[in-house]
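The values are calculated or read from the model by the stated rules, or taken from the named source; none is laboratory data. Since this is a predicted model, take the numbers as computed values, not measurements. Backbone-built Cβ (ideal geometry, glycine too); neighbour counts: all protein chains shown.
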Protein chains: 2
Amino acid sequence: MSFSLPNYLESKRLKVEKGLMEVFKNPGDCPKVLWESMKYSIFAGGKRLRPVLCLASAEAVGLPEKSALRIACALELIHTYSLIHDDLPALDNDDYRRGRKTNHKVYGEAMAILAGDGLLTLAFQWLSDPSAYPTKCQKNLAKVNYELAWHAGYPGMVGGQVDDVISEKKRPNLAKVFSIHRRKTGALLISSTRLPALLAGADPKKVKALTEYGKAAGLAFQIVDDILNEVGDSKKLGKAAGSDRERGKMTYPAAIGLERSKKEVKLLTDKAVSALKVFGSKGQPLEALVRHMAERTY
Amino acid sequence: MSFSLPNYLESKRLKVEKGLMEVFKNPGDCPKVLWESMKYSIFAGGKRLRPVLCLASAEAVGLPEKSALRIACALELIHTYSLIHDDLPALDNDDYRRGRKTNHKVYGEAMAILAGDGLLTLAFQWLSDPSAYPTKCQKNLAKVNYELAWHAGYPGMVGGQVDDVISEKKRPNLAKVFSIHRRKTGALLISSTRLPALLAGADPKKVKALTEYGKAAGLAFQIVDDILNEVGDSKKLGKAAGSDRERGKMTYPAAIGLERSKKEVKLLTDKAVSALKVFGSKGQPLEALVRHMAERTY
């Protein structure tokens, strides 16, 4: 039976949706409006890229799916909180995301800030419950928590977001845009592929391979995002094409032009694929995923 | 030699300051403005109540001080992030705290939101690094992470903050104000006393005693806060007395009056002290601490 990426994506996405529904099964005594505000953004039709990469990496190293889903959901909770806060009036001031009103347009600024805080904290709560894992994984759990926080925090995503904000309208240069992408989106994508290997206690060679893969695939993904914002279809994107240029955002096309950006995506895709060698045929879904990420049009 | 609370407080506070300086020793490639914004609020002259309670609880159960300081700093990072976000224009819109400008008044709203996000994430990074702990504590680390996230998130602090916001200007009632205090400030105070015991792998009786103590002391602390906001000295408080009443905040004095609130503080203090019996003379600092919290005038 040959490998079908659309089927693979669909089956993984369904698992992620089920995993997230499990996270949001029981509100306990959470204030209703907070619960709804968090759910509004979590179930907003995201591509679930990070969770899918996480599940695919888990398969490559033999981490049980139930454990992998904990990391996958934590990643999506963190990704979602970062979108809510980025969209706030004080930051990007976006009214729409994926064709729907942004969180603060529906629930107000105060609730959007607190829903973001709630989702970020919930990510660590959901990830670090030892009773959710088989014994052999439990001993690696603190380290996984540590690395996730590192990648999500000032050394990673939050730091990249700050650099993105303060670099607006400045003269684009490759070193700076690379540094922003590496942290703002790259850090969480490395987590997606590396953390399942750490939790499984995989051979260091495999941990390294998934780290290299995540690094290259993550940057390729972000450059494609930059390119699509420049030349893509607003309807498909669910947001206004050209908005990066209008805001003076630091992007690859702004720094090195469209053609060189496209070449860079190709080089990075090859690099990601080549890192997968150590997995043999088990690396097939990850290979198909990075090619898909590089060739997407939305 | 008799026990001196002022000396004890001073020596613990110094340790906490040193611990926090260790957290902020190396910015790596963190954007300068983010680093400064986080430090501005961390080193803003806070009382360090949560860290001191944590160190005192650690002594009572024999947790090594270096390990306890990790929890203590994580608690202060979380407490500080929550103050930065609470002060934002969309929430309490406060210009001053402890007599200094609030974070967003100095660094702007965008940076204040991101500094809060950075501090919250850093708390989990700082707490969960397994290499910082002796082997016998490492196995309890994930559980400690889990509980901290639980207390800081929607089931605890964030949930309480939301309820506080949506209850403004509503008719005060005891059940509601109790529920807000239990989560908004109580949850993190329980963490302060309970988590050192969990990390040490202490006897369940001692874990329970410190949980009871933290619960009673935390509520007493918050009621005193309510009372001081009503009758205290603005200069000593570092913020305007009467501000709760002006905003229609749900407080103990608003719900049950000043006299009953004071009685409640006394009852809770006795309850906290009585929970300490199991520690014998080792409970002395914690006893002095809760009495001090109940009798403070600022």
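The residues in the range B:151-172 that are part of a helix (DSSP H, G or I), facing chain A (nearest Cβ under 7 Å) and crowded, with 20+ Cβ neighbours inside 10 Å can be counted, and the count is 7. Only one of the numbered conditions (1) under 18 Å from residue B:120 (Cα atoms); (2) surrounded by 14 or more Cβ atoms within 10 Å (Cβ to Cβ); (3) out of contact with any Pro (no Cβ under 7 Å at 6 or more places or on another chain) is violated by residue B:52, and that is (1).
Within the range A:112-128, if we keep just the residues that are within 7 Å of chain B (Cβ to nearest Cβ) and touching a residue at least 40 places away in the same chain (Cβ under 8 Å), the residue that is farthest from the chain's Cα centre (by Cα) turns out to be A:114. Considering A:210, A:237, the condition of being surrounded by fewer than 24 Cβ atoms within 10 Å (Cβ to Cβ), farther than 19 Å from residue B:34 by Cα and away from chain B (no Cβ under 14 Å) is satisfied by A:237 alone. Every condition in (1) of a type in the set (Gly, Ala, Ser); (2) within 14 Å of another protein chain (Cβ to nearest Cβ); (3) closer than 28 Å to residue A:245 by Cβ is met by residue A:132 except one, and the failing one is (3). Per the conditions (1) charged (D, E, K, R); (2) under 24 Å from residue B:52 (Cα atoms); (3) at pLDDT 95 or above, the sole criterion not satisfied by residue B:97 is (3).
For the range B:242-294, the tally of residues that are in a loop (DSSP other than H, G, I, E, B) and in contact (Cβ under 8 Å) with a residue 12 or more places away in the chain stands at 5. Only helices (runs of 4 or more DSSP H) whose full extent lies in the range A:1-110 are considered here, and the ones with at least 3 residues that are of a type in the set (Ser, Thr, Tyr) are A:32-42, A:65-87. Considering the conditions (1) under 16 Å from the mean Cα position of the chain (by Cα); (2) within 9 Å of chain B (Cβ to nearest Cβ); (3) among the acidic types (Asp, Glu), residue A:109 is excluded by exactly one of them, (1).
Among residues of the range A:29-56 that are within 14 Å of another protein chain (Cβ to nearest Cβ), those with a Cβ under 7 angstrom from a residue that is part of a loop (DSSP other than H, G, I, E, B), sequence gap 6+ or separate chain, pair up as A:30/B:154; A:30/B:155; A:34/B:154; A:35/A:27; A:39/A:24; A:42/A:24.
Taking residue B:175, is it of a type in the set (A, V, I, L, M, F, W, C), out of contact with any His (no Cβ under 9 Å at 6 or more places or on another chain) and surrounded by fewer than 20 Cβ atoms within 10 Å (Cβ to Cβ)? It is true that residue B:175 is of a type in the set (A, V, I, L, M, F, W, C), out of contact with any His (no Cβ under 9 Å at 6 or more places or on another chain) and surrounded by fewer than 20 Cβ atoms within 10 Å (Cβ to Cβ). For residue A:143, the stated conditions hold: it is facing chain B (nearest Cβ under 9 Å), assigned to a helix (DSSP H, G or I) and of a type in the set (Lys, Arg).
The residues on offer are B:242, B:232, and the sole one that is surrounded by fewer than 23 Cβ atoms within 10 Å (Cβ to Cβ), small (Gly, Ala, Ser) and within 20 Å of residue B:49 (Cα to Cα) is B:232.
Any residue in the range B:68-76 that is at negative phi and at pLDDT below 95? No: the range B:68-76 contains no residue that is at negative phi and at pLDDT below 95. Being within 9 Å of chain A (Cβ to nearest Cβ), more than 11 Å from residue B:37 (Cβ to Cβ), at pLDDT 95 or above and surrounded by 24 or more Cβ atoms within 10 Å (Cβ to Cβ): is that true of residue B:85 here? Taking the combined requirement at face value, the residue satisfies it. Consider residue A:202 carefully, then state whether it is among the hydrophobic types (A, V, I, L, M, F, W, C), over 30 Å from residue A:102 (Cα atoms) and not in a helix (DSSP H, G or I). Criteria met by residue A:202.
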